[in-house]
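Working notes, beginning with the structure itself.
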Amino acid sequence: MAQAKIKQPRPIIIGNWKMNGLKASVKEVRALDKAAKAAGRVGADMMICPPATLISTLAAAAKGSKIAIGSQDCHMNASGAHTGDISAEMVRDLGGKAAIVGHSERRTDHGESDAMVLAKAKAAHLAGLTAIICVGETEAERDAGATLRVIGKQIKGSVPDGATSKNTIVAYEPVWAIGTGRTPTLAEVAEVHTFIRKKLVARFGDDGAKIRILYGGSMKPGNAAELLAIAHVNGGLVGGASLKAKDFFGIISAC
Ligand code: PEP
C-alpha cells in the first residue's frame, strides 16, 4: 500500500552568534526585521541565539516581529550553585523561546557528553523551550568511515524521550565544517539527514517525520539554496553568516 506523503516541515534558519555581539548589535535585529517586512512573505521561521548577555535586549527589540530569540546553552538544573551558568527557566524568563544544546564547541570546550546534552534538552523541555540538539562527526571520524555510527550514537544519547516536532529541532553540524568555509558534498549531507530522519521516525513515529533537521557548517548566502534543497534539510544553523542581517537574510531568502 502506498504510504501517505508527509508534508515537509516549514524551514527555520537559526543564527548562532557565539561569543559575539554588544548592546549595539541590536541594530542587526532591527535590520533583519526591516528586511523581512520589506520582503513580505518569508519562506522560513527566523531565530537568533545571541550570547546570554543579549537575550533580554534582543527579545525586547524583536517584539512584534517574526524573529524569535534563543540561547546558546542552558544548564541541566533549574537553579542552584552553578557559578556562571544560566538555566532554561532563566532563558525563558528573559523572553527566549529555545536553547541550543550540545553544540560541538561546548562538547569540546566544556567536555559535554551525550548524557549531559540529554539532561540539558530535558531541562529545556521542562522550561517550555525548544531544544535545538546538535550532533556532528569530527574529520577523523568521517575519514574513518564512522560518520553514521557517530551520529546514530549522538541521536540516541542526546535526544530525550518525549521529543516532539514542537519542542525539538535537531541540527547536523559536521565539526570540520564549522567556521572553516568547507562543507560536505550535497550527497554527504543528504545521506546523514536521511539517516537522522529514519532514526527519528523509528523512535517517534509520524511526529518524527515532522521534527526539523537543520544543516550547520559554513552555510552562507552563496551555498544556502543548494543545501536547503536537499531532502530532509529543514533549515540551517548559521554561525559566522548570521552576524550581519544582510548575510543572514540572504540565507533566509533562499528558503
Ligand atoms: C555553528 O557554529 O553553529 C556554525 C554553523 O558556524 P559557521 O556557520 O560559522 O560554520
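Summary table
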| read-out | value |
| --- | --- |
| Qualifying residues in region 88-119 (those that are part of a helix (DSSP H, G or I) and within 16 Å of the ligand (Cβ to nearest atom)) - the one least open to solvent (accessible area, probe 1.4 Å) | V117 |
| Residue tally, condition surrounded by 15 or more Cβ atoms within 10 Å (Cβ to Cβ), under 20 Å from D206 (Cβ atoms) and in contact with a helix residue (DSSP H, G or I) (Cβ under 8 Å, 6 or more places away or on another chain), over region 137-173 | 8 |
| Test result for D85, among the acidic types (D, E), surrounded by fewer than 18 Cβ atoms within 10 Å (Cβ to Cβ), over 22 Å from I151 (Cα atoms) and more than 16 Å from the ligand (Cβ to nearest atom) | yes |
| Pair list, Cβ < 8 Å and 6+ apart or interchain, from region 62-79 residues that are open to solvent by less than 30 Å² (accessible area, probe 1.4 Å) to residues that are polar (S, T, N, Q) | G70/T130; C74/S87; H75/S87 |
| Pair list, Cβ under 7 Å, 6 or more apart: region 216-240 residue of a type in the set (V, I, T), other residue within 8 Å of the ligand (Cβ to nearest atom) | V238/N16; V238/G216; V238/M219 |
| Filter result for Q3 (modelled with pLDDT under 95, within 18 Å of N167 (Cα to Cα) and surrounded by fewer than 20 Cβ atoms within 10 Å (Cβ to Cβ)) | no |
| In region 152-180, the residues that are away from the ligand (no atom under 16 Å from the Cβ) and not in a loop (DSSP other than H, G, I, E, B) | G152, K153, I155, K156, G157, T168 |
| Condition check for K210: charged (D, E, K, R), in contact with a Ser or Thr (Cβ under 8 Å, 6 or more places away or on another chain) and away from the ligand (no atom under 16 Å from the Cβ) | yes |
| Only listed residue being in contact with a Ser or Thr (Cβ under 7 Å, 6 or more places away or on another chain) and either at pLDDT 95 or above or surrounded by 14 or more Cβ atoms within 10 Å (Cβ to Cβ) (or both), chosen from G43, G15 | G15 |
| Cβ-Cβ under 8 Å pairs, at least 6 apart or on other chains, region 94-122 side in contact (Cβ under 8 Å) with a residue 60 or more places away in the chain, far side within 14 Å of the ligand (Cβ to nearest atom) and among the acidic types (D, E) | I100/D73; H103/D73; H103/E173; S104/E173 |
| Candidates A187, A131, A225, filtered to the one that is small (G, A, S), closer than 23 Å to F248 by Cα and assigned to a helix (DSSP H, G or I) | A225 |
| Matching residues in region 211-222 - criterion: being surrounded by 16 or more Cβ atoms within 10 Å (Cβ to Cβ) and part of a helix (DSSP H, G or I) | P221 |
| Filtered residue count, region 228-248, keeping only those that are open to solvent by 30 Å² or more (accessible area, probe 1.4 Å), outside any loop (DSSP other than H, G, I, E, B) and not acidic (D, E) | 2 |
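The values are calculated or read from the model by the stated rules, or taken from the named source; none is laboratory data. Remember, predicted model here, so these are calculated numbers, not experimental data. Note that each Cβ is placed from the backbone with ideal geometry, even for glycine, and that neighbours are counted across all protein chains shown. To get the accessible areas, we keep the full protein, side chains included, count just its heavy atoms, and leave off ligands, DNA and RNA. Shrake-Rupley method; radii C 1.70, N 1.55, O 1.52, S 1.80 Å.
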